[in-house]
1. Just grab the label-to-label distance for ARG246 and LYS206, each label 7 Å out from Cα along the Cβ direction, in nm (one decimal).
2. Just tell me which lysines come within less than 17 Å, Cα to Cα, of LYS32; anything on the same chain fewer than 8 places away is out.
3. At 7 Å along the Cα-to-beta-carbon direction for both LYS266 and THR148, put a label point, then send me their distance in nm to one decimal.
4. What value, in deg cm²/dmol to 500, does the helix sum -39500 (n - 2.57) over DSSP H runs of n ≥ 4 give at 222 nm once divided by the residues of the chain?
5. In what sequence, highest mean first, do 148-161, 63-76 appear when ranked by Cβ atoms within 10 angstrom?
6. Over the Cα atoms of the stretch 29-106, compute the convex hull volume and normalise it per residue, giving Å³.
7. I want to make sure I understand the PRE zone here: with the label point 7 angstrom from the Cα of SER258 toward its beta carbon, which residues in the stretch 131-163 have backbone N atoms less than 20 Å away?
8. Can you pull the one-decimal nm distance between simple spin-label points at GLU20 and LYS297, each 7 Å off the Cα toward Cβ?
Amino acid sequence: MSSVPSTMKAVVCDKTGGPEVLRYTEDHPVPKLGDSDVLIKNKYGGINYIDTYFRTGLYPAPSWPLCLGQEGVGIVAALGGSNTFGLKEGDEVVWMKMGLTALSLVKEAYEVKKGDTILMHAAAGGVGLLMGQFLKDLGAVAIGTASTKEKCDLAKEHGYTHVINYKENPDWVAEVKKIAPDGVDCVFDAVGKTTWEGSLEAVKRKGSVIYFGNASGPVPPLNIALLAKKNTKIMRATVNQYIVTREELEFYTKLLFSYLKDGKLKVNIHKIYDLRDVQQAHKDLEGRLTTGKLLLKTS
């Protein structure tokens, strides 16, 4: 522990707001370790849409100042005690605060079966590109939505059977019904405010709609009587309620790495940003200028 510095590089928010409230610093205090804690010297960190929710105040910050970040990869720099699952200093590790979203959606939020027809919004996003591959592997007919021809082409390359350009076809529900006249078995919707009504229209009788994000803003208070029209089942899924126990974490991480090792999962990296450029990364993400995963180079 003596070789660990007392300060580190970080991205910090002192208040809620736009990307301009993200402050890059090189003298943020290194956390104090408890008995079960592990200190990681990160090489890369992932950017997730949930980072924008905390930054804007849509989700309440646990404390201020807020140090953003949900996942990363790096080297074990120090151990707080003995209860650290056999890790040792120098080990290469990946870590997550909450992640593995795509797998938990298709395995638990709605267990996708061969022959199902599934609608996925934001098909060219980070989760969307992974979902396309999982849906194809599970034998589903995957319908995606995206905003440009380039994004539609990319989504098709990642497993989608059909992709609808909602800029060219604003009535995307009608386009879905051309493919699935009775509606789809399940809709996965992380867009929220601008798509929630259409998602309920696009699903079949006794189908499911899984909301798991708020990219366009939160879904407004829902009149439950709307579900009676088709006996629709809905859920607001969040990954950290699927990965609570050590057993759940190991199940999903082993499943993910088996896909990667077998070459069945291709991860699309949109861009690697320098940590100093985090404001631009958030602007690109919220401006729908990105496809796939955004990373921050942290060292």
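Just so you know, all these numbers are worked out from the coordinates, no wet-lab data involved. Because the structure is a prediction, the values reported are computed rather than measured. Positions of Cβ are generated from backbone atoms using ideal geometry, with glycine treated the same way; all protein chains shown enter the neighbour counts.
1. 4.2 nm
2. LYS9, LYS41
3. 1.9 nm
4. -7000 deg cm²/dmol
5. Top of the packing list down: 148-161, 63-76.
6. Roughly 124 Å³ of hull volume per residue.
7. In the stretch 131-163, the label zone of SER258 (backbone N under 20 Å from the point 7 Å along Cα→Cβ) covers 131-140.
8. 2.8 nm
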